[in-house]
């Protein structure tokens, strides 16, 4: 068991790419920590540097109270699960799981015994003598996990372990990983580009962009109060509406429309300052007629999402999106007024891209769409 | 089919037939060859020359192909696998040049390279010039070693290229998983690289064994000598059939070589098919 401390970690590749720039990070002992970001943001490089597969250009890494910066991978007591699982095709399942134990010079009998026990714990009973090629994708993934678990490492490092599974299996495997972590309470670092996955599994997460960490927090914090425009646009199933506005007379001027400032932001902005109003499509409502504080827009496309409908809008402030209940889709081409739920809206400075004021963002108290779906079941459009 | 029959099958069958006669290039037997049955084979297998040639050919194959080319080629492929840029390309080109330059040209270069100080009229070889006063006459004093080194130099490129392709096919995550588990280079070789390269290793061994076994270039270097120290089987056949004129005997040995080749090929293919 060990926490991880990363200080001023910089990695410059020989071709000049700066994959990590002065990254500082604390990962508490026993936590499930997600590194999230678009491809090329440095999250995998950070993970590989933790594993010792890449040597940092500057900076230090400590696991527990040991400085491991210059230690080879094998001396760090970590276990890594790769995206492709890296199961050895010429070994059976038990030998695959037991391979790290073989390297630790455990005898063949005891290590295959431990492999069988670990495998059974992960739902691989009766598969010990099979070859990886004879297993399904989900089973292969669990063999790779079992190999990591069997060596009792201080830290698990997961590099997009679920991205090779199909959508349905991924949900199952996600729950499985979460349960495994609560059983073992081993510190876990989990790299993913899928924000929904990070929100679902992690108890803390870091959002990365171009070699730097843009926000660290719990999934709830990161989802409800993205610290800057990058995180705001990256987190969320449907991208957050980021509406360009100017502060005019204590109000937000959006095209020809005027919208009140979100609560607790008035003191943080200057008159005339260009700002960006952030509102998730789930936290806006559509009105068929003009209303005060509404943004006039026109319906371009509607997409069915199952229990809700994603409405694409066009406005003077650019394209906007709203999620409405499945029976509330406005007709295509009609004019609607988009009303932002101000209590959940956020305000960013246009220039720096940083969050301004103490807007709450906060978790929703009651979703209007959910309420109306409940009262009108089956009223399909 | 007709062309294959005329140019491949007929000479093969004719060789087997010749091996059963006392056909000669010159003399009465050239006109009136006689069917002698297994006499040529009996002579080959009981006389010392054939068995001597077989033995030194075996030594030549084991040291220059199996140990030299295969091991050196694998080592080079492993070391070069993560190199990029001009150094790698330069080194690769150099090794491949050794492989694609015609045999007679290479033989001439090596003759010049290893030339001994044999008289005032002959220039001293490059190696002896570099080494200074030692003055070993490589081709006369260490003919086997010289030819083994020559063949390793010449053939390593092929093994390197084949193994290079094989190593490329091993996903990096296989080795990285092992490294994170603490495996040494030797353990990664034993547990992952060699089992994963099995097919490449066996195919390579099959090809370079047969090529070396049937290699005639040593004749250009030493003419089989001094004495019969480098009289490998292809050289022996050539000397018997065309220099001595004993075509029937040469054909019989050729047939034996063919059988040996077949046995070697079947042996490797058998192992190859036993892949788990």
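The values are calculated or read from the model by the stated rules, or taken from the named source; none is laboratory data. For clarity, every value in this text was computed on a predicted model and none was experimentally measured. Please note: Cβ atoms are built from the backbone with ideal geometry, for glycine as well, and neighbour counts cover all protein chains shown.
Observations
- The single condition among (1) modelled with pLDDT under 90; (2) within 24 Å of the chain's Cα centre (by Cα) that residue A:278 does not satisfy is (1).
- Whether a residue is within 30 Å of residue A:157 (Cβ to Cβ) and either within 14 Å of chain A (Cβ to nearest Cβ) or buried (at least 22 other Cβ atoms within 10 Å of the Cβ) (or both) was assessed, and residue B:173 passes this test.
- For residue B:196, the criteria (1) without any contact (Cβ under 8 Å) to a residue 60 or more places away in the chain; (2) out of contact with any helix residue (DSSP H, G or I) (no Cβ under 7 Å at 6 or more places or on another chain); (3) away from chain A (no Cβ under 11 Å) hold in every case but one, which is (3).
- Criterion: touching a residue at least 60 places away in the same chain (Cβ under 8 Å) and either facing another protein chain (nearest Cβ under 10 Å) or over 20 Å from residue B:173 (Cβ atoms) (or both) - qualifying residue of A:124, A:157, A:101: A:157
- Scanning the range B:212-252 for residues that are part of a helix (DSSP H, G or I) and more than 18 Å from the chain's Cα centre (by Cα) turns up B:239, B:240, B:241, B:242, B:243, B:247, B:248, B:249, B:250, B:251, B:252.
- Top-ranked residue of the range A:64-98 - restricted to ones that are assigned to a strand (DSSP E or B) and under 24 Å from residue A:160 (Cα atoms), ranked as nearest to the other protein chains (Cβ to nearest Cβ): A:80
- Listed conditions (1) in a helix (DSSP H, G or I); (2) surrounded by fewer than 18 Cβ atoms within 10 Å (Cβ to Cβ); (3) modelled with pLDDT under 90 are all met by residue A:163, apart from (1).
This table checks each residue for (1) in contact (Cβ under 8 Å) with a residue 40 or more places away in the chain; (2) assigned to a strand (DSSP E or B); (3) under 28 Å from residue A:198 (Cα atoms); (4) touching a strand residue (DSSP E or B) at 6+ places or on another chain (Cβ under 8 Å).
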{"residue": "A:233", "(1), (2), (3), (4)": "no, no, yes, yes"}
{"residue": "A:258", "(1), (2), (3), (4)": "no, yes, no, yes"}
{"residue": "A:264", "(1), (2), (3), (4)": "yes, no, no, no"}
{"residue": "A:291", "(1), (2), (3), (4)": "yes, no, no, yes"}
{"residue": "A:302", "(1), (2), (3), (4)": "no, yes, yes, yes"}
{"residue": "A:339", "(1), (2), (3), (4)": "yes, yes, no, yes"}
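- Extreme residue, farthest from residue A:4 (Cα to Cα), among residues of the range A:30-59 that are in a helix (DSSP H, G or I) and away from chain B (no Cβ under 14 Å): A:43
- Hits in the range A:104-120 (condition: in a helix (DSSP H, G or I), more than 13 Å from residue A:148 (Cα to Cα) and away from chain B (no Cβ under 14 Å)): A:109, A:110, A:112, A:113, A:116, A:117, A:120
- Of the residues screened, residue B:190 is one that is surrounded by fewer than 21 Cβ atoms within 10 Å (Cβ to Cβ), modelled with pLDDT of 90 or more, at negative phi and within 14 Å of chain A (Cβ to nearest Cβ).
- Residue within the range A:121-133 that is under 27 Å from the mean Cα position of the chain (by Cα), farther than 21 Å from residue B:190 by Cβ and outside any loop (DSSP other than H, G, I, E, B) present: no
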